[in-house]
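All remarks here apply to the structure that follows.
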Amino acid sequence: MMNFYNDFDNCQGSVIDSLKLLLYKRNEGIFERIDFEDDSIYQEPLLYSYVTQQDDIWLDSIIYGYEKKPKEKIIVFSNKKGIVYIPNVGYFYTDRIAQKLFLEKMDGIFLIKDQQNLEVPYRYEALFFLDENIELVKTQHPLFESLFRNNLDIIVDVDIDETHSKHINHINIALQIIKEYNPDYFGLIKKAIKKVMIYEGEPYSFAAIQAHNMIFLNAHDENDEVFFLDHILHEGAHVIFNALTYNSKIELFTVPFKTNLSEITKEKGDHGELYGRFHGMFTQANINLCLETCISKNVFIGKKNKELLGRFSSNMKRFKAGVNKFNIPTLYKEEGKKWYNFFSLRYNDIYIRNEKLIDSFDVSNQPYVFSYEIFNETNP
């Protein structure tokens with residue numbers, strides 16, 4: 001594994017230090033309330049959501065479960081399902097839809113009251129953890145809503161509450177496969193990914209710096225552990241690369257890292273910013289290494305194995321396209337050159353070992369999100 005993978009702890013420490021500074025600038029007394037030395041607190045995704053918006057009213061409900069001595073009464077917010085999600089505490093199911101409420105604790109018992117100080121009935125549910133102590137977030141939080149946008153950049157509703165339970169076994173199996181067959185990379189996933197949300201709707205699966213340390217997976221009824229294997233590797237890589245390049249991203253390119261890619265390639269169809277698209281090669285460098293191992297170890301059989309082969313072939317061809325597109329020597333400073341050379345070498349190594357297999361499948365008609373149905377029809 002590349003040397004600067006080994007620097008992940010220091011890079012993640014830089015991200016946490018930056019968050020601490022932003023929290024202090026917003027609230028000078030913050031570290032009297034939460035432990036400055038406990039870095040696990042500062043891997044809470046909602047803290048990143050908080051510092052990337054301007055309303056301070058959210059802070060109490062985000063840090064309540066982490067406080068040394070929680071306040072007696074705080075403002076909380078129910079979502080569009082009437083659910084109040086408090087990090088490190090749990091879920092409060094109410095009949096109050098998208099409302100500001102008040103949470104109190106008296107004699108060890110929670111009370112929820114409305115703005116008229118009337119008690120609100122609720123059902124409490126504890127946090128839910130997948131294998132490897134990764135939390136599965138089972139409902140929407142209002143601060144996450146703005147992350148879910150369609151291709152017109154309009155915020156959309158997604159189904160979380162009815163979707164996640166269908167895939168718990170699938171995602172746990174996928175996590176164990178990564179742990180067994182790619183333990184080094186799994187170690188990074190364990191450090192970087194603290195929470196997962198499974199939903200159905202728009203947009204595609206994603207990770208976002210506004211919810212750092214968390215991945216969002218768009219799954220449908222037909223998806224199984226092969227889907228989750230691919231997507232945990234993919235979205236986890238975005239979180240990991242955000243940390244690895246948190247300080248160094250300004251040293252990658254000879255142009256600003258937020259430059260539109262189309263300005264570099266002169267191709268109008270190249271959407272997105274340079275740094276964000278550069279991420280794609282990091283995801284492929286890690287997805288394909290693990291999928292290759294699963295193929296060689298015969299981890300799956302039947303339909304699942306065929307889907308694995310299709311995803312591997314499709315991902316490798318996307319990897320090749322990325323390596324070719326970014327083959328622009330004048331684009332890189334020394335740091336960027338190291339990363340690009342790593343991606344190029346990783347692609348060539350995997351391709352040389354699997355050339356016949358990769359080229360034996362037609363994935364030219366695959367949409368952005370891999371479709372097994374299309375793959376199976378094209379490759380009977």
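Things to note:
- Residue match in segment 66-82 (condition: under 30 Å from Tyr340 (Cβ atoms) and in contact with a helix residue (DSSP H, G or I) (Cβ under 9 Å, 6 or more places away or on another chain)): no
- Counting only residues that are surrounded by 12 or more Cβ atoms within 10 Å (Cβ to Cβ) and either under 14 Å from Leu136 (Cα atoms) or outside the structural domain of Leu233 (by TED's automatic domain parsing) (or both), segment 151-164 holds 4 of them.
- Val323 under 25 Å from Glu202 (Cα atoms), aliphatic (A, V, I, L, M) and assigned by TED's automatic domain parsing to the domain that holds Tyr275: no
- Residue check, Arg277 touching a Lys or Arg at 6+ places or on another chain (Cβ under 9 Å) and at negative phi: yes
- Qualifying positions in segment 264-285 - part of a loop (DSSP other than H, G, I, E, B) and either surrounded by 17 or more Cβ atoms within 10 Å (Cβ to Cβ) or not acidic (Asp, Glu) (or both): Lys266, Lys268, Gly269, His271, Gly272
- Candidate set from segment 286-320 (those that are part of a helix (DSSP H, G or I) and basic (Lys, Arg)); member that is surrounded by the most Cβ atoms within 10 Å (Cβ to Cβ): Arg311
- Any chance Ser78 is within 14 Å of Leu143 (Cα to Cα) and of a type in the set (S, T, N, Q): yes
- Here segment 14-41 is the region considered, the condition is being outside any helix (DSSP H, G or I) and among the polar types (S, T, N, Q), and the residue that is nearest to Gly65 (Cα to Cα) is Ser40.
- Close pairs (9 angstrom Cβ cut-off, 6 or more residues apart or separate chains): touching a residue at least 12 places away in the same chain (Cβ under 8 Å) in segment 175-188, in a loop (DSSP other than H, G, I, E, B) and among the β-branched types (Val, Ile, Thr) anywhere: Leu175/Ile134; Ile177/Val299; Tyr181/Val299
- The single residue among Tyr347, Tyr340 that is in contact with a strand residue (DSSP E or B) (Cβ under 7 Å, 6 or more places away or on another chain), part of a helix (DSSP H, G or I) and surrounded by 13 or more Cβ atoms within 10 Å (Cβ to Cβ) turns out to be Tyr340.
- When residues of segment 246-286 are limited to those that are of a type in the set (S, T, N, Q), free of Cβ contacts under 8 Å to residues at least 40 places away in the same chain and touching a helix residue (DSSP H, G or I) at 6+ places or on another chain (Cβ under 9 Å), the one nearest to Asn218 (Cα to Cα): Asn260
- Of all residues making up segment 23-71, the number that are more than 27 Å from Ile109 (Cα to Cα), surrounded by fewer than 20 Cβ atoms within 10 Å (Cβ to Cβ) and aromatic (Phe, Trp, Tyr): 2
- Matching entry among Tyr204, Tyr199 (being hydroxyl-bearing (Ser, Thr, Tyr) and either touching a Ser or Thr at 6+ places or on another chain (Cβ under 9 Å) or not assigned by TED's automatic domain parsing to the domain that holds Ser313 (or both)): Tyr199
- Of all residues in segment 50-75, those being in a helix (DSSP H, G or I), under 19 Å from Gln99 (Cα atoms), in contact with a Leu (Cβ under 7 Å, 6 or more places away or on another chain) and among the aliphatic types (A, V, I, L, M) number 1.
- Applying the condition of being at positive phi and not polar (S, T, N, Q) to segment 84-99 and asking which residue is surrounded by the most Cβ atoms within 10 Å (Cβ to Cβ) yields Gly90.
- Considering segment 224-247, and only residues there that are among the polar types (S, T, N, Q) and buried (at least 18 other Cβ atoms within 10 Å of the Cβ), the residue that is farthest from Ile189 (Cα to Cα) turns out to be Thr245.
The values are calculated or read from the model by the stated rules, or taken from the named source; none is laboratory data. Source: prediction; values computed, not measured. Because the Cβ atoms are built from the backbone with ideal geometry, glycine has one as well, and the counts that use them run over all protein chains shown.
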